[in-house]
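K.L.:
Quick one: the structure is below, questions incoming.
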Amino acid sequence: MAETSNAESVAIMAAGTMVKIVSLVAKPELNGQVAIVQSWNGARSRYNVMLSSDPSVLLSLKGDNLSSNVGFVEKAKASAYTIRGQAQQMWQDERTQEQIRRTHTSLQNRLPPGIKLEYAGLALVALLLYAVYKLGFSKTFLAISLVAMPVLVLMRDLVDGVRDGPTLMRNFPMRCRETILQSVPFLDGKPWFTNRMASLVVMAFMLFGTKVLFTPIPTTTTPRSNNPSTVSTPPSFDMEQIYKLGFDDATDGKEYGVSLPPTKPHVRMMDEEDDDLSFGGEEPEW
């Protein structure tokens, strides 16, 4: 009785708390790994924990071998491992396999005669590729996420065979909270994080995603280049070339200036300022 009262006087970590295994002598290779508290065994004063890297491994450890000092990155990795492990367990569950078989048979019966479900799946893949081509990868992924999110939230009820619409809607807020706690476990125990709040978060995310999905991406026009190499400039002639063109026109009996281009030639004419040009310090002989 004394041991039980002492154990109860210590704050018991709630189920779902992420902890790090430390100072374990029997299995030192487990030190540093992240585990998730499943329950508290008051009779033995030990915690039943599940390894995040392998949900099939359950351990019974003392509180001295568990540290609540788990970093953000470690929590994120542990959450990813837990979700993957739960998905594997759900896939290997006989009820899940039976549900998949029943779903396959039901979908096959709904298709027109002569069309196999596999062919319909290939058509769906082709439609997905077309959506990626037209909408882009990001918007296609967003659309798939918006469609799959309610299914993932209600997956537990669907696996249990619940098909009643009102029952699914009634369980939706609770399932939203459970789904969020799987990824963000430190919200567990917060008085403000209720089922209603969790459902509002999920619905707000879906509404925001829908708005982003149907918002057209603005197109940008390429500004005109100011690079001189891309801008056509009128040809430039010196006086000798102009005299030659005029001489050729006169020889051929053409009107003067016919051979010149339509643009105004850039000719530098001598003006009054050129009267004082220096020729190397010597006066020219005219």
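K.L.:
What nm distance separates the two modelled labels at K62 and V184, each placed 7 Å from Cα along Cα→Cβ?
P.N.:
3.7
K.L.:
Between S39 and Y243, what is the spin-label point distance in nm, taking each point 7 Å from the Cα along the Cα→C-beta axis?
P.N.:
11.2
K.L.:
State, to one decimal in nm, how far the label point of V151 lies from the label point of L122, with both points 7 Å from Cα in the Cβ direction.
P.N.:
Spacing of the two 7 Å Cα→Cβ label points: 2.1 nm.
K.L.:
Nearest 0.05, what FRET efficiency do T103 and T210 give at R0 = 30 Å with Cβ-Cβ as r?
P.N.:
Numbers: r = 27 Å, r/R0 = 0.88.
Between T103 and T210 the formula returns 0.70.
K.L.:
Could I ask something else about it? Take the Cα gyration tensor of the stretch 80-193, multiply each eigenvalue by 5, square-root it, and list the three semi-axes largest first, rounded to whole angstrom. Walk me through the numbers before you get to the answer.
P.N.:
Details: eigenvalues 172, 88, 41 Å².
Its equivalent ellipsoid spans semi-axes of 29, 21, 14 Å.
K.L.:
Set the Förster distance to 45 Å, then compute FRET efficiency between V22 and T167 from the Cβ-Cβ distance, nearest 0.05. Each step should come with its number before you reach the end.
P.N.:
Values: r = 44 Å, r/R0 = 0.98.
That gives a FRET efficiency of 0.55.
K.L.:
Then there is this: Under a point-charge model restricted to the Cβ atoms of Lys and Arg (+1) and Asp and Glu (-1), what is the dipole moment magnitude of the stretch 142-199 relative to its Cα centre, in debye to the nearest 20? Working shown, then result.
P.N.:
Values: 7 positive and 5 negative charges, 30 e Å.
Charge dipole of the stretch 142-199: 140 debye, to the nearest 20.
Where a number appears in this text, it was derived from the coordinates with a stated rule and is not lab data. Just so we're clear, the structure is a prediction, and the values are computed from it rather than from any experiment. Cβ: placed from backbone, ideal geometry, glycine included. Neighbour counts: every protein chain shown.
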